[in-house]
1. Out of everything in segment A:20-69 that is more than 8 Å from chain B (Cβ to nearest Cβ) and of a type in the set (S, T, N, Q), what residue ends up being surrounded by the most Cβ atoms within 10 Å (Cβ to Cβ)?
2. Pick from B:PRO598, B:PRO635, B:PRO640: which is free of Cβ contacts under 8 Å to residues at least 12 places away in the same chain, farther than 30 Å from B:GLY426 by Cβ and in a loop (DSSP other than H, G, I, E, B)?
3. When you check B:ALA197 against the structure, is it of a type outside the set (Asp, Glu) and either surrounded by 24 or more Cβ atoms within 10 Å (Cβ to Cβ) or in contact with a Lys or Arg (Cβ under 8 Å, 6 or more places away or on another chain) (or both), yes or no?
4. Among what's in segment A:102-126 and is out of contact with any helix residue (DSSP H, G or I) (no Cβ under 6 Å at 6 or more places or on another chain) and of a type in the set (A, V, I, L, M, F, W, C), pick the residue that is farthest from the other protein chains (Cβ to nearest Cβ).
5. Can you work out which of the residues in segment B:79-99 that are more than 30 Å from B:ILE51 (Cβ to Cβ) and out of contact with any strand residue (DSSP E or B) (no Cβ under 7 Å at 6 or more places or on another chain) is surrounded by the fewest Cβ atoms within 10 Å (Cβ to Cβ)?
6. Testing B:ASN295 on (1) at pLDDT below 95; (2) at positive phi, one condition comes back false. Which one is that?
7. Could you list, in sequence order, all residues of segment A:132-170 that are within 7 Å of chain B (Cβ to nearest Cβ) and open to solvent by 40 Å² or more (accessible area, probe 1.4 Å)?
8. Residue by residue through segment A:180-202, note down the ones that are under 23 Å from A:HIS154 (Cβ atoms), within 11 Å of chain B (Cβ to nearest Cβ) and open to solvent by less than 10 Å² (accessible area, probe 1.4 Å).
Amino acid sequence: MKNPFRKSDQPDKRWAMVIDLTRCTGCAGCQLACKAENFTPPGITWSRVEFLEVGSYPQSRRHAIPVGCMQCEGPECVRVCPTGASSQRKDGIVTVDADKCIGCKSCMIACPYGARYILEEKRTYFPGYITPYEEQGYSNFQVGTVSKCDFCAHRIDEGLSKGLVPGVDREATPACVINCWANARTFGDLNDPNSEVHKLVSSGQVVQLKPETGLDPRVFYLAPGRTAVALSGGLPNRSNAYTAAAAGMPQSNEDLADGGGSSVAREGANLP
Amino acid sequence: MSIKLDKSSHALSVASKNGSDSGKDYEWKASACGLCYAQCSIVAKVKNGVIVKIEGNPDSPIGSGRLCPKGVAGIMMHYDPNRVNTPLMRTNPEKGLGVDPKWKPISWDEAETIILEKLRAVHEDDPRKLVLLRTTTIATTREAGIWSSAFGSPNSWDAGGGVHCGNGAHLIGGLFHASWSLVPDFHNCNYAIYFGASKGHGAGHSSNSNAQLAADARARGMRLVVVDPMCNFAASKATEWVPIRVGTDAAFALSMVNVILNELGVWDGEYLKAKTNAGYLIGPDSHYLRDPATNKPLVWDTNKNAAVPYDMPVNTSDISLLGTYSVNGIQAQPAFNLIKDHVRKYTPEFAEQVTTIPAETVRRVATEFATQARIGSTIEIEGQTMPLRPVAAIYFRGSQGHRNSTWNCLAIELLNQVVGASDLPGGALGFNPAMQGFPETSVPRYEPFTSTDGLMETGLWIKAHKPFPANDPKVNSLTMEDAWPLTVGTGFMAASDREEIWNAFGVGYRPEIMINVGANPVLTVGNPQTAVEALKTIPFMVSFDLFISEFSELCDIVLPDTEYMERFDVAPQFPPLHDHPAGMGEWGWPIRQPVVEPFGERRDFQEVLLKWAYELGFGNQYHAVLNKRYLLRDPWLLEPDKKYSWVDICDRRLKSVFGEDRNLEWFKENGVITWPKKPSEVYWRHHVTARVPIFYEGLKTMGEKQRKLFEEHNFAHRVDWSRWEPLPEWVECHPDDPPEYDLSAFYYRDVLHTNSFTYENPWLNEVAEKHPLSYTIAMNRATAERKGLKSGDEVTMHSPTGRKAVGRVALTDTIHPDAVGIGGCGGHMTSSQPIAKGKGVRFNELLEIDLDHMDPVNLNMDVCVRVKITKN
């Protein structure tokens, strides 16, 4: 990886996450905590868990690998965005402004991590019925625009305004991090040498997914031993991930079957 | 950016209380989850009367602020438009699977008038004709059984996950650890071996707490060896996965015991002599030799060179564990000597043939376990020096879901016992068998104690009858629990042979009314058609439900129940014998409270049942039972001839434990109260003198008593009496199945679902549909390719009895070649749960519900089936 601390001479914070794959049990609690926090409509899973199987019986293991937006230091999605809808904040978080997004999907093609989702139609989890919960947040999503994980920027910003420390104080920390029952996720300011993420990244034990892309993600994985071997297979290119789609299961979303990087939320609740 | 999210802060209930969030348009309310029996503590964020987020409650040790996917997804269950919101009455008299009841909405008044008339008639005639059915999923429904016992019926049936659940694990866990189940002492254990268990890695007891404890333990360096046909939740995180042929756990465990005792010559003599019946002298009839004067079991005192009552030797070290002694002309051996000889036949080479685990692996794992036990070592915890035995052998669903349920668990438990790793630092811990009470009141206070024959009796137990001393068998209830006193719950109410059994035992009455709270035994016991044929014979059935299930569709009246975020339950963790984390840390007593008002005409079943008790005139009996079960104290006792509201009873229960000031209002505000655990609570074994029966003489005795009863009823030929022997054996589950049934299908608990209950939740469904295995049949890649199957193929599993279950196979290298694994109970058949309909694989279709497919001792259903697979 590139030197992750190269911006330490700058005043900006650099939010980063370390996911300890030896702790993760693949329960998908993060995936649903993200959904609950952000009101993502059917088929849109900013945070999700991929599964990868490595080895032949009996020397075989199933690995759970949580993925989402990698908050790349050099985000390709921002570079290709024709309208400036995708941009990078001073603190490194990559965001999407739906008001500027024209739904061209360039960013979805550019993202090698399948982190971006376009809302193709307004749908609810129960066909023909919008729950009071969904009413609280679905209006935030515009048809034909792209969305993705933003490290729960609203929690970070609100927390900072109260003098709280993201990654330390619960209410200033991303929803997936505070929910993880195995405490697999660590969040904080990479530029703060006292932060846990700085210490973990400095330990030299972390890896990035698809380092060959040179995009320099700010989501790192603690993956010693055989877990590192699993990751060397190149997740999360969904064509080789051990997903229901790869297992030949019929999918309501075409996203998992496309073998590429991007996710298309077209149908959600998979009703007969 | 597009997403104008709720920018509100994340303050917790405590912060709101302190006023730091005053002026906000939302609040956080502390309550308890109710989507599986773990009952983890939650906080719900309510904005303008709408639940917008559910998180774990960081103030409570029950989950410590973390939440599994089911808990997070509770919002979607709360707002599901398919919920039952009004009482319904069937208008179609025909009942059957898939038969439309033709529901007609009625008022609560109308419904209660009909129900009370029926109940009154049965109450006056023979109250035993009422059967109270409850789910094990929502732990509060335990209260329903209290109500029916006050009504006068012994027929409380725990259905659903219950009969698949833990009859073996609960029985052996109760006998040895005074607890419903066991976990490694995650803080101190260095080597844990799991047999068909996922503790700390998947769904189950104290899951949110255990996941954190297990992850920390693994990070600390605890080695985890998982013996399981499938590399699933725990095995995926394990140091080592040991794939085993389905249902052969006892062979592996007994071989390990053999290696430890006979090849390595390792055991914890001090522990065995002081804390078990290892030194009790056993006669040729497999019973204790007893002192004629006191009737106490005898031990051989090496100091006196004589047989003396077990409690006579001044130093327990004088008790002999080995040898043969002649006592009054009878040749007797210490129980330990018998065990040591008994396991010799379980050589690692024999175990390899049975389990497919290489003999060298058996020897290596046994050696690691014995070495890591560090027999003789001690540790100081908060000033107390105690033995340190940092190994644990853990068993649950997988190893105990067989016809050999009792012996499988007993065999594995021997591993903990021979090295003394039992409720001591580092070892296998029961879930909170001892509690010294809230410091200000010393309530509740319980601890295992010395009972009959010097053996341990639980201080507190979940069921009315304890594992030891067991009740004498008798015939009374329709569930037949009285005739099989070592069971935790039976499936007979839904069984195909129930009439045969009732007739044989002369049960002179039949169910007239069934009242259900939340269970769905049509899908969660065994073959649905079998269950329906049994249940539809009951003349009048009422169900308190959140959703219309396949069971509700057999009912005459369905009542809309409140879910966990709409009602009070002031002791969701009590008794804390499985859903409160074990080990050192904090005690937590949270409450469940409504975070929103009940929607529609939903009513709390507890309020309704209380009202019915008063209207039917058994309020005094109900008060008496509640006073006892809720540990109510003066002046908060429920008095005769008075009427109380359910909320008032909740208030009295809290005051009885915590005193006047910590009443319901206090708990509503604070959500939970905590206090530190003491080493003498967690590691109670160190000071409690009671012994545990590594030679399960009580099993032999029970077999003799049951045989006598069964012979009186000409039923003795229906069970294999060899299964009541005190020393465990490995027994093949299905020795007579034809060879073309070449695979063992088993079901496991999925982390994404609770039995059949949660399949209707669209968030969980969305995750499960994309999971490689959640909704599929996991099949070994090489086995499948040999059969010409590829991932995604729809297949039918055929059982030897002609049952079928359909699903899609997923090829994987993470399962034994002889096995196919299916997660959860699968989705629903009814159109009333449209998200759940047709999802997953309904494994239970394959299960016969009859005595021949249960462990004859504890009546656990055999949850593995030999199958052949055909491509559709």
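The values are calculated or read from the model by the stated rules, or taken from the named source; none is laboratory data. Remember, it's a predicted structure, so these values are computed and weren't measured experimentally. With ideal geometry, Cβ positions are generated from the backbone for all residues, glycine too; neighbour counts draw on all protein chains shown. For accessibility, only protein heavy atoms count, side chains too; no ligands or nucleic acids. Shrake-Rupley method; radii C 1.70, N 1.55, O 1.52, S 1.80 Å.
1. Top of the filtered list is A:SER47.
2. The unique qualifying residue is B:PRO635.
3. Numbers: of a type outside the set (Asp, Glu): yes; either surrounded by 24 or more Cβ atoms within 10 Å (Cβ to Cβ) or in contact with a Lys or Arg (Cβ under 8 Å, 6 or more places away or on another chain) (or both): yes.
Yes: the conditions hold for B:ALA197.
4. Quick first cut of segment A:102-126, residues out of contact with any helix residue (DSSP H, G or I) (no Cβ under 6 Å at 6 or more places or on another chain) only: A:102-105, A:108-109, A:113-115, A:117-123, A:126.
Cutting the leftovers down to of a type in the set (A, V, I, L, M, F, W, C) gives us A:102, A:104, A:108-109, A:115, A:118-119, A:126.
Numbers: A:ILE102: 12, A:CYS104: 15, A:MET108: 15, A:ILE109: 20, A:ALA115: 15, A:ILE118: 12, A:LEU119: 9, A:PHE126: 5 Å.
Going through the qualifying residues, I end up with A:ILE109.
5. Taking segment B:79-99 and keeping what is more than 30 Å from B:ILE51 (Cβ to Cβ), we get B:89-99.
Subset that is out of contact with any strand residue (DSSP E or B) (no Cβ under 7 Å at 6 or more places or on another chain): B:92-99.
Numbers: B:ASN92: 13, B:PRO93: 8, B:GLU94: 10, B:LYS95: 18, B:GLY96: 13, B:LEU97: 16, B:GLY98: 11, B:VAL99: 14.
Within segment B:79-99, the match that is surrounded by the fewest Cβ atoms within 10 Å (Cβ to Cβ) is B:PRO93.
6. Only one criterion is unmet by B:ASN295, namely (1).
7. Listed by number, the residues that qualify are A:GLN136, A:GLN142, A:GLU158, A:LYS162, A:ARG170.
8. Passing the criteria: only A:ALA184.
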